[in-house]
Amino acid sequence: MTFKKRILALASAMMLVPVIAVSAMSASADTIVYGDVDGNGTVDINDATKVQKKILDMPVEVVENYDTVADVNLDNKVNVRDVTLIQMKVAALINELPVTETEAETQPETDEEGWYHKIIQP
Ligand SMILES: [Ca+2]
Ligand SMILES: [Ca+2]
């Protein structure tokens, strides 16, 4: 490789770096971590507690897209059913969030507000 070609290769490599950085940033901004309502990157019991507090209209800090992130069974509502599913995820009773409607239907029955009446055994 001649010296001139090396400079060109280096210059084009450097031009690629900002492009990669920008696409990586936009990808992470678009990624929804279902159940992670405080946006710390993990789904834990604090997230379930925060959704419970939000349902009860208690003051709690949540992510901007809370309505999407907290609706872990994709029924366009955030209720106790979503809290329970987050708790089940934390307890490793389910592997993935969100759960689809069909998978959610295999869970114990809830009343119209989403309350479970059976104790879930691991
Ligand atoms: Ca979290
Ligand atoms: Ca829901």
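The values are calculated or read from the model by the stated rules, or taken from the named source; none is laboratory data. Note that the coordinates shown come from a computational prediction; the quantities given were computed from them, not determined experimentally. Here the Cβ is made from the backbone with ideal geometry for all residues, glycine too, and neighbour counts use every protein chain on show.
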Return the total of residues in region 42-93 being assigned to a loop (DSSP other than H, G, I, E, B) and within 10 Å of ligand 2 (Cβ to nearest atom).
-> 10
Exactly one of Q87, Q121, Q107 is surrounded by 15 or more Cβ atoms within 10 Å (Cβ to Cβ) and modelled with pLDDT under 75, and that one is Q107
With the first residue restricted to region 66-83 and required to be in contact (Cβ under 8 Å) with a residue 24 or more places away in the chain and more than 16 Å from ligand 1 (Cβ to nearest atom), and the second required to be assigned to a helix (DSSP H, G or I) and among the β-branched types (V, I, T), Cβ contacts under 7 Å at 6 or more apart or on different chains are N79/I55; V80/I55
With respect to D57, determine if the residue is under 18 Å from the mean Cα position of the chain (by Cα) and at pLDDT 95 or above.
-> no
Members of region 50-77 that are in contact with a helix residue (DSSP H, G or I) (Cβ under 7 Å, 6 or more places away or on another chain) and of a type in the set (D, E) | D71, D75
All but one of (1) within 12 Å of ligand 2 (Cβ to nearest atom); (2) over 20 Å from T31 (Cβ atoms); (3) modelled with pLDDT under 95; (4) not charged (D, E, K, R) hold for V99, so report the exception by its number.
-> (2)
